[in-house]
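Notes follow once the structure below has been shown.
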Amino acid sequence: MLEKAKRLLQPSARSAVPPFMVMDVMAAARRLEVQGRRIIHMEVGQPAAGAPTTAIAAARAALSTSALGYTETLGIASLRQRIARAYSEWHGLEIDPNRIVVTTGSSAGFILAFLAAFEAGDRVAVALPGYPPYRHILTVLGCEPVWIETAAQTRWSITSEALIAHHRARPLKGVIVGSPANPTGTMMTAAALTELIQSAEDAGIAVISDEIYHGLDYAFAAESAARVSDDAIIINSFSKYFCMTGWRIGWMVVPPPLVRAIERLQQNLAVAVPTLSQIAAEAAFDARAELTKVKEGYEENRRILLEGLPGVGFNSFLPADGAFYLYANVSRFATDSFEFATRMLQEAGVAATPGADFDPLHGKNFLRLCYAGARQEMREAIARIGAWLSG
Ligand SMILES: Cc1ncc(COP(=O)(O)O)c(C=O)c1O
């Protein structure tokens with residue numbers, strides 16, 4: 001029986017994507033917690049706060065008053081209108097609500113965007129270091145992720161020169177940009193983003209802009225690709241700024257020619273996005289003061305780490321302009337940050353993500369620390385790392 005199942009149910013070759021290492025670190029941390037250890041979690045990139053009170057109240061009310069059936073595939077009309085209005089509030093932009101597509105987290109947005117914009121075999125540029133699922137989803141869908149290494153001089157983002165050089169070597173069909181970026185937290189200036197989008201589009205390269213960390217900018221205001229071009233696909237989410245990771249809800253701003261294609265794809269892939277999450281998400285826009293407080297907490301955590309970590313020997317970071325990450329170079333302590341992270345977890349009780357998740361070329365020199373936790377934990381993490389490194 002087992003033999004037959006093994007013959008029939010071989011995983012497909014395209015499912016053989018690498019695991020997301022951060023989840024392995026989280027599992028190791030959980031095992032230590034089961035043994036009674038107290039672990040400071042700086043590995044997973046999610047807000048410590050739950051959904052805003054306005055979102056919870058709307059969800060509670062909907063549970064008792066609504067049948068919560070399917071919604072329109074592109075999302076509840078009032079939510080799409082509210083999202084469009086947010087572009088006017090945040091960026092002074094008029095966005096047609098018909099261009100807004102509600103998705104099951106930004107993760108589903110990537111699948112829809114890649115399927116709608118690219119054919120199997122198309123080459124799509126991604127930054128290294130960068131968010132691993134960009135590469136892995138492209139691969140699963142039969143596209144080819146093309147790594148472009150980034151550098152400090154260009155704020156760890158793809159430049160128009162690098163993009164066009166790769167395009168000349170072998171044509172690209174798309175490029176993914178993210179600012180603020182994961183894992184570095186660095187941001188592109190408005191001028192750099194504009195230049196990149198314009199050169200990409202002049203060369204016939206479609207731009208997908210991951211704006212999931214918008215709202216969490218500390219160094220300067222994040223620019224939206226929506227201001228630069230109506231042809232860029234914008235991807236965003238309620239997971240980070242709105243603290244709604246587990247509600248699995250996000251959105252896209254889609255160029256008009258792709259709206260119907262994306263609607264057809266989502267009809268077939270998901271039918272619609274969870275109704276309760278859509279209702280809660282719309283109400284989350286009313287929690288401005290609460291969300292500003294959460295953001296101020298991250299800002300304070302960032303300050304504590306940037307000031308405190310150098311004193312304990314952790315002193316080489318990429319610019320932490322936004323999001324809630326520090327990407328620290330730990331090559332002076334170890335040749336492999338996976339081994340370093342494993343020891344730091346075991347011996348100091350601080351969980352962080354090894355850079356190899358984000359950058360197969362140079363990630364072994366880096367560790368990503370997420371500072372979305374409680375303020376006291378930031379201070380304790382510094383103390384624990386300090387005692388461990390000097391012990
Ligand atoms: C850069 C980036 N994009 C997208 C996602 C996916 O988020 P979600 O599917 O929860 O919207 C994440 C999650 O960590 C991320 O860091």
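The values are calculated or read from the model by the stated rules, or taken from the named source; none is laboratory data. All values derive from a computational prediction rather than experimental measurement. Because the Cβ atoms are built from the backbone with ideal geometry, glycine has one as well, and the counts that use them run over all protein chains shown. Areas reflect the complete protein model, heavy atoms only, side chains present, ligands, DNA and RNA absent. Shrake-Rupley method; radii C 1.70, N 1.55, O 1.52, S 1.80 Å.
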Step by step: first the residues of the range 239-276, then only those that are farther than 12 Å from I212 by Cα and free of Cβ contacts under 8 Å to residues at least 60 places away in the same chain, then the one that is nearest to the ligand (Cβ to nearest atom). Which residue is that?
G246
In the range 209-238, residue nearest to I137 (Cα to Cα) [restricted to those that are of a type in the set (D, E) and within 11 Å of the ligand (Cβ to nearest atom)]:
D210
Test each condition in (1) open to solvent by 100 Å² or more (accessible area, probe 1.4 Å); (2) within 24 Å of M252 (Cα to Cα) for Q10 and report the one that comes out false.
(2)
Residues of the range 327-372 satisfying the condition of being charged (D, E, K, R) and touching a helix residue (DSSP H, G or I) at 6+ places or on another chain (Cβ under 7 Å):
D336, E347, D357, K364, R368
Could you go through the range 198-208 and let me know if any residue there is within 16 Å of the ligand (Cβ to nearest atom), more than 15 Å from the chain's Cα centre (by Cα) and either open to solvent by 10 Å² or more (accessible area, probe 1.4 Å) or over 17 Å from A151 (Cβ atoms) (or both).
yes
Considering the range 8-50 alone, what residues qualify as being touching a strand residue (DSSP E or B) at 6+ places or on another chain (Cβ under 9 Å), assigned to a loop (DSSP other than H, G, I, E, B) and away from the ligand (no atom under 16 Å from the Cβ)?
I39
Strands (runs of 3 or more DSSP E) fully within the range 79-187 counting 1 or more residues that are under 20 Å from L216 (Cα atoms) and within 16 Å of the ligand (Cβ to nearest atom):
174-178
